[in-house]
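Notes follow once the structure below has been shown.
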Amino acid sequence: MTEFIQYSYIQDKAYGIITINRPNKRNAISLEMATSLMECIERAKNDSLKLLIITGSGETMFCAGGDLKDLHGELTNEEAEQVLLKMMDVLYQLTIFNVPTIALLNGGALGGGCELASACDIRIAKTNSTFGSVQTNLGIIPGWGGGVLLAKRVHPSFSYQWIMEGSIYSAQDLVLKGWIHKLVTNDDWKDMDKLLEPYLTKSFKQMRILKEQFLDEIGVLGLREKMEKEVHQCASLWQSEEHKNAVLAFLNRS
């Protein structure tokens with residue numbers, strides 16, 4: 001497991017927490033980190049959890065998406081698809097995890113970071129954070145299957161608009177759209193026990209039943225195939241001039 005991904009089992013509180021620990025790179029996810037995320041999810045399945053949490057370290061960014069060292073513009077479409085599928089598997093496993101999952105959004109998110117948050121059942125954010133599904137500004141579409149998931153979390157017409165425009169929204173705006181469930185001040189953020197109390201006071205059986213019912217409601221039959229199709233379509237744009245130029249402009253700006 002890479003040092004940039006950490007998993008803790010809080011046994012006395014009955015929850016697990018996966019932390020993306022790469023704040024100097026805005027918690028961008030490399031291929032190695034994708035492998036570690038999957039390992040953490042597999043570990044969490046063996047623990048007695050009421051809840052699985054994913055969060056980031058630092059104060060400003062939950063996740064800025066994929067690391068451009070692994071997701072650079074020189075990959076072939078086929079190479080890009082193989083790399084993207086690694087994180088798609090992570091998102092799919094989070095989506096179907098057998099107890100509720102919560103994204104504790106310690107800061108904003110961009111691109112794949114929003115996809116990762118969309119894989120969780122509940123999203124709790126700081127009041128001053130912003131979020132952007134900006135992949136179309138880079139000449140591609142969501143590449144981890146998160147566009148498919150977003151349309152299950154919010155109204156499909158808003159999902160379509162957000163992705164197509166590549167817009168950045170405030171946390172307050174996204175509460176109104178139903179993507180963020182709760183806003184938390186910086187002071188309240190520090191009290192983890194209080195933040196999680198509404199969930200952890202429930203029984204193990206309640207949480208598993210509720211998650212099973214939720215998956216029935218959103219419909220997961222055929223979900224993996226839809227996510228794989230989105231990954232394939234994203235990869236088909238990888239060698240386009242629009243994508244190559246957008247990545248080059250981003251790297252020159254960084």
On a straight-distance basis, which aspartates and glutamates could pair with Lys244 in a cross-link, Cα separation under 20 angstrom, same-chain partners fewer than 8 positions away excluded? Asp67, Asp70, Glu74, Glu78, Glu79, Glu81, Glu165, Glu230
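Using the structure shown, list the pairs from Lys177/Lys229; Lys69/Lys211; Lys13/Lys226; Lys152/Lys205; Lys182/Lys211 with a Cα-Cα distance above 30 Å, or answer none.
Details: Lys177/Lys229 26 Å; Lys69/Lys211 36 Å; Lys13/Lys226 36 Å; Lys152/Lys205 25 Å; Lys182/Lys211 19 Å.
Over 30 Å apart, Cα to Cα: Lys69/Lys211; Lys13/Lys226.
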Accessible area (Å², 1.4 Å probe, nearest 10) - Asp12: 130 Å²
Would you mind working out the accessible area per residue for the range 1-79, using a 1.4 Å probe, and quoting it in Å²? 47 Å²
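So what's the back-of-envelope 222 nm ellipticity for the chain, counting only DSSP H runs of four-plus at -39500 (n - 2.57) apiece and dividing by all residues, rounded to 500? Provide the component values of the computation, followed by the final result.
Numbers: 11 runs with 120 residues, N = 254.
Counting only the DSSP helices, I get -14500 deg cm²/dmol.
Using the Kirkwood radius over Cα pairs, work out the Stokes-Einstein diffusion coefficient for the range 108-254 at 25 °C and 0.890 mPa s, in µm²/s as a whole number.
On the way: Rh = 16.9 Å.
Using the Kirkwood radius from Cα pairs, D works out to 145 µm²/s.
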Could you tell me what percent of the accessible area of the range 1-69 is made up of carbon and sulfur, with a 1.4 Å probe and every protein chain present? 43 percent
In the chain, if every C-alpha pair distance is counted and binned at 10 Å from zero, what percent goes to each bin? 7, 33, 39, 17, 3, 0
Where does helix 31-45 land angle-wise versus the long Cα axis of the chain, in degrees 0 to 90, nearest 10? 20 degrees
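For His155, His232, His72, write out the residues from largest to smallest accessible area, computed with a 1.4 angstrom probe and no ligands counted.
Values: His155 125, His232 100, His72 60 Å².
Order by accessible area, largest first: His155, His232, His72.
What percent antiparallel are the DSSP beta bridges of the chain, to the nearest 5?
DSSP beta bridges in the chain are roughly 30 percent antiparallel.
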In degrees, nearest 10, the alpha-carbon axis of helix 156-165 is tilted away from the dominant principal axis of the alpha carbons of the chain by 40 degrees
What share of the DSSP beta bridges in the range 1-127 is antiparallel, in percent to the nearest 5? 25 percent
Under Stokes-Einstein, with the Kirkwood radius over Cα pairs standing in for Rh, what whole-number D in µm²/s applies to the range 1-70 at 37 °C and 0.692 mPa s? 266 µm²/s
Let me check I've understood the local charge: for Lys25, count other residues with C-beta under 11 angstrom from its C-beta, Lys and Arg +1, Asp and Glu -1. What total comes out? +2
Calculate how steeply helix 241-253 sits against the longest principal axis of the alpha-carbon atoms of the chain, using the helix alpha-carbon long axis, and give the answer as 0 to 90 degrees to the nearest 10. 70 degrees
SASA check, Arg224, accessible area w/ 1.4 Å probe, all protein chains in place, rounded to nearest 10 Å², comes out at 70 Å²
Cα gyration tensor category, rounded, prolate or oblate, for the range 36-109 with a/c compared to 1.5: oblate
Excluding ligands and nucleic acids, what accessible area in Å² is computed for Arg43 using a 1.4 Å probe, to the nearest 10? 120 Å²
Pick from Lys211, Lys190, Lys229 the residue whose mean-square fluctuation is largest in a GNM of the chain, springs joining Cα atoms under 10 Å. Lys190
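What relative contact order, as a whole-number percentage, does the chain give when Cα pairs under 8 Å and 6 or more residues apart are counted?
Reported relative contact order: 20 percent.
The values are calculated or read from the model by the stated rules, or taken from the named source; none is laboratory data. Please read all numbers here as calculations on a predicted model, not as lab measurements. No Cβ is skipped: glycine too gets one built from the backbone with ideal geometry, and neighbour counts run over all protein chains shown. Only protein heavy atoms, including side chains, enter the accessible area calculation; ligands, DNA and RNA are left aside. Shrake-Rupley method; radii C 1.70, N 1.55, O 1.52, S 1.80 Å.
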